[in-house]
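Written out below as structure tokens is the structure these notes cover.
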Amino acid sequence: MGIVNVTPDSFFDGGRYFDPGAAVEHSLRLTAEGADLLDIGAESTRPGSLPVDEAEESRRLIPVVAAVAKAVSVPISVDTSKAAVAQAAIDAGAVIVNDVTALRGDQAMVGLVARTGAGLVLMHMQGTPRTMQQAPRYDDVVEDVRSFLLERAGFAMEHGVAKSQILLDPGIGFGKVLVQNLDLLARLAVFANTGFPLLVGPSRKAFIGRLVDRPVQDRAWGTAAAVALAVAQGAHVLRVHDVAAMRDVVKVAAAISRRTSFPLREQHA
Ligand code: HH2
């Protein structure tokens, strides 16, 4: 899943694709690089970021979704937690809603997803982007995140969303300190074994910066390590900025992990 941020302030590509023409061009580039899906967003959720209002989010996002949907054949996901924005994006050609609030942000979202049959990414986040990194606390991060995601999936299905519409995502970096991110990434097989497809988004995030002591523009190799280990544990969708490079990483990691004797799978199966 290639990332397209139509924002002035995203942590890696903020401002680069804020212009709609640049966002469309970038989407075409990611598709040419082999992206199987695109995730287009117009509100940064980086730690400390402030929410964007609905009108502004739609103004940034919808023309880009409409133009990209016309130009590419891969499915388009829209990274929003507002039902009206998601509805407009679906009308413009998006087919997946990536809701980082897992249906807690806008109570109209679940009905919209049920009605339209759109795909739905349910992501775990503790707190809100503005405050989430202040003091995240868990009893057992893997179990807490797993039970949250299953509860949210249950909520969606009770409201008419089909199981086959749903993907789960542990929300790397969303209200987690370094060791909590590492515990989640080390035990992704727990999430891959829930019966829902697993999406993981480690790309260039701060936990990588902490480990390798490099700025965001120099974190592709660190991302590659996280992507490879995620694939080895059964992750189905990797949300990344660097599609060409990570596609190779995924191919090699998937080929190796398909061998049944690969230890990471056995350990967590
Ligand atoms: N991460 C980001 C945004 N949306 N959605 C899902 N499902 N999973 C993620 O891990 C995830 C996400 C943050 O990354 P990015 O879009 O690059 O940055 P920003 O939020 O600053 O726009």
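Tell me the residue from 162, 153, 254, 230 that is more than 15 Å from the ligand (Cβ to nearest atom) and either surrounded by 15 or more Cβ atoms within 10 Å (Cβ to Cβ) or more than 28 Å from residue 33 (Cβ to Cβ) (or both), please.
The match here is 162.
Tell me whether region 126-137 contains one or more residues that are surrounded by 16 or more Cβ atoms within 10 Å (Cβ to Cβ), in contact with a helix residue (DSSP H, G or I) (Cβ under 9 Å, 6 or more places away or on another chain) and more than 25 Å from residue 207 (Cα to Cα).
Within region 126-137, not a single residue is surrounded by 16 or more Cβ atoms within 10 Å (Cβ to Cβ), in contact with a helix residue (DSSP H, G or I) (Cβ under 9 Å, 6 or more places away or on another chain) and more than 25 Å from residue 207 (Cα to Cα).
Out of region 193-202, which residues are closer than 23 Å to residue 242 by Cα and either surrounded by fewer than 24 Cβ atoms within 10 Å (Cβ to Cβ) or more than 13 Å from the ligand (Cβ to nearest atom) (or both)?
Across region 193-202, the qualifying residues are 197, 198.
Condition test on residue 69, is it more than 12 Å from the ligand (Cβ to nearest atom), assigned to a helix (DSSP H, G or I), closer than 21 Å to residue 166 by Cα and among the aliphatic types (A, V, I, L, M)?
So residue 69 does not fit the description; no.
Which residues, counting only those in region 109-135, are assigned to a helix (DSSP H, G or I) and touching a Phe, Trp or Tyr at 6+ places or on another chain (Cβ under 9 Å)?
Result: 110, single match.
Test residue 7 against the criterion of being within 11 Å of the ligand (Cβ to nearest atom), crowded, with 23+ Cβ neighbours inside 10 Å and within 15 Å of the chain's Cα centre (by Cα), and give yes or no.
no
Would you mind finding the one in 16, 29 that is surrounded by fewer than 23 Cβ atoms within 10 Å (Cβ to Cβ) and within 14 Å of the ligand (Cβ to nearest atom)?
Just a single option satisfies the conditions, and that option is 16.
Pick out the one residue from 108, 89, 23 that is in contact with a helix residue (DSSP H, G or I) (Cβ under 8 Å, 6 or more places away or on another chain), closer than 26 Å to residue 202 by Cα and modelled with pLDDT of 95 or more.
The unique qualifying residue is 89.
Among the residues of region 52-65, write down those that are within 15 Å of the ligand (Cβ to nearest atom) and surrounded by fewer than 16 Cβ atoms within 10 Å (Cβ to Cβ).
Across region 52-65, the qualifying residue is only 56.
The values are calculated or read from the model by the stated rules, or taken from the named source; none is laboratory data. Note that the structure is a prediction, hence the values are computed from the model and not measured. In this analysis, Cβ positions are derived from the backbone assuming ideal geometry, glycine residues included, and neighbour counts consider all displayed protein chains.
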